[in-house]
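Okay, so here's the structure we're looking at.
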Amino acid sequence: MSVARCFSHRRHGSNLYAFRGLAIFLLALTCQHRIGRLARAAGVSGRHQHAQLLFDAWDSAYGLSANVTAPPPAVRLPISLAAAAAAITAAPGDADVAVGAAGRVSVPAAPHLEDCARVTRRRMQAEQRGGSGPGAGGALGAPAWAQVKEGGEQGPLPPWIRGADEDNLALTRIAQTDLWLHQFHPNCSSSPPPSSSSSPPSSPVRFLVVEWKHPRGHGLGSQLHIMSAALSLAFFHGRVLVPAPGTFSHATHRDCSGPAYGSLACYFFPLTSSACQQLALSLWQQQQQHGPSHPVPPPDPGPALSELLQSDLPVVFFPGVTRFQAKMAKEASSAFHWGTPWLQRQVSTELLGRRFDGEERYLQVSWWRSQSLRFMLRWPSLYLCHLLNRARHDTYGYRVALRVAATQTALLTASDGAAAGAGGGDAVGLLDGGAEREPFIFRPIVSMHVRQGDKGHEMLLFSLASYVYLGHRLRLHVPNLKHVWLSTEMQTVVDEAVSRFQDWIFLFTKVQRQTGNKFFYSYEQSAGPGAVTAASFVNLLVASQCDFFIGALASNWNRLINELRLTNGRYRSGYLALNHAEW
């Protein structure tokens, strides 16, 4: 073999070894990539399994699947589910999902849900009179939060108001305290004096009894605003407002039973005490025996109406607050003993490129409506609390579970729940960090209430694109804003939101919505008793907890959302309106 051929052979051999090495390297790299991808897929799969476990456990723990009025005290999961939890919990020291005795699994408190039985019990206790002390105003003392201390300093003030004073309308806490003390009069517990056949009854407490308007001519938002005007009339004429029992047609279904039937108290805490309501109805029955069935309210606002309300009659009965009486909110509020707190509100509005300050008339009525509606809707009832839990869990509960599973830790502290679970051995801790902790929602978030349908008879309707346009303007100042709480009665709006605006994450309740332009009242009847009302109140409370708000203020419901925000710690975050000046 020649030298040339020898060198040529070695050269070809070295190339062969080089190609084989490169092939082995590429094969190893490919295998490593596949193994990594499979591992990541396994990790994602495990996280989804963990999230599904948490989601199902929360559903069972808070009684969301069954139609119950109170959640069970503990969660008992099948052994197979417990084994799955143990398999998923691989991190050392991880206490998020731990298997206890008898197949019971401890899970973190759901940050987006409330222990309704516990928080409702706390709130009921906070509204009980008892004992004595300054500011009691009678034999039964006011709650500790409403008592006046030595030197004139008031207590911690209403526990249903969140945020600093600067985060709410001026004097919100003072106004809420005064409204509660007025409506929960201490002398209502006294029995009415016996009345003779020749003289009408008398009482140390005077009442205004008002029927709710029929929903055929007034939507739910309009009804609440009208009752707000009635509260204004009652408060500024020294009368306790008592809504006539059984006249709130939105609560005449089987889920509103007992005293809550036909009452706003089916959804929210009562407007007055049961003692005041019983006294008012007893006096009214006695009063009917000594004259006309009831004095008829005058057809126009003015001295005649004020004279009737200022009379010595124990009970004045309104068969229905008319539109003119809604205007009385402004007239009565001129006698505020709080001064003119609405003047402290600085409002600048931009509409169609024009910027102007809010008028005093609007500010005055808006301030009172915000205060009266905050008091009327201060806390959800046990029934509405369960509805809120179910809606939050169905809407974004799985996404919350994914976040908990991904981080291997609860979003919010569950120390109270752990302490509660410790007392019962292996009982699961369900309790949240306190009655006044707002349930978790993804933030920052903007609320959009898109009102369409038959509202076109009253105002100019706006497309969803108009709302999203304002959302993009808001994004210029809040770049990480991507979540939207969308409330609407129209299914077409929801479909458009999901299919067209994919750069936003829309959260919305899973309920039957309207198709076509039928009247809203007809839609309510077709959806079933109480279904639309329940969904409306759920959306209202969640929307009032969002960071920002975009709406059309010619709609009563849009105004209602904003009025609740102004006394819910969102005063300084403002809102964007499409037709602010129209109403």
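Contact map, region 542-565: first residue under 19 Å from D167 (Cβ atoms), second residue acidic (D, E), Cβ cut-off under 8 Å, separation 6 or more or different chains; pairs are Q545/E438.
Residues checked against (1) open to solvent by less than 20 Å² (accessible area, probe 1.4 Å); (2) more than 27 Å from L220 (Cα to Cα); (3) among the aliphatic types (A, V, I, L, M); (4) at pLDDT 55 or above:
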site: Q288; (1), (2), (3), (4): no, yes, no, yes
site: P299; (1), (2), (3), (4): no, no, no, no
site: Q325; (1), (2), (3), (4): yes, no, no, no
site: W368; (1), (2), (3), (4): yes, no, no, yes
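If you go through region 388-409 and keep only what is open to solvent by 10 Å² or more (accessible area, probe 1.4 Å) and either free of Cβ contacts under 8 Å to residues at least 60 places away in the same chain or touching a strand residue (DSSP E or B) at 6+ places or on another chain (Cβ under 8 Å) (or both), you end up with T395, R399, R403, T407.
Please work out which one of (1) out of contact with any Ser or Thr (no Cβ under 9 Å at 6 or more places or on another chain); (2) modelled with pLDDT under 90 is the condition W145 fails and give its number. With (1) out of contact with any Ser or Thr (no Cβ under 9 Å at 6 or more places or on another chain); (2) modelled with pLDDT under 90 applied to W145, the lone miss is (1).
Inside region 255-268, residues that are open to solvent by 20 Å² or more (accessible area, probe 1.4 Å) and either touching a His at 6+ places or on another chain (Cβ under 6 Å) or not aliphatic (A, V, I, L, M) (or both) make up a count of 6. Scanning region 185-201 for residues that are at pLDDT below 75 and surrounded by 14 or more Cβ atoms within 10 Å (Cβ to Cβ) yields a count of 5.
Within the option set L113, L169, being closer than 30 Å to Q52 by Cα, in a loop (DSSP other than H, G, I, E, B) and modelled with pLDDT of 85 or more holds for one residue only, L113.
The values are calculated or read from the model by the stated rules, or taken from the named source; none is laboratory data. Everything quoted here is computed from the prediction, not taken from an experiment. Here the Cβ is made from the backbone with ideal geometry for all residues, glycine too, and neighbour counts use every protein chain on show. The protein model used for the area step is the full one, side chains on, heavy atoms only, and it has no ligands, DNA or RNA in it. Shrake-Rupley method; radii C 1.70, N 1.55, O 1.52, S 1.80 Å.
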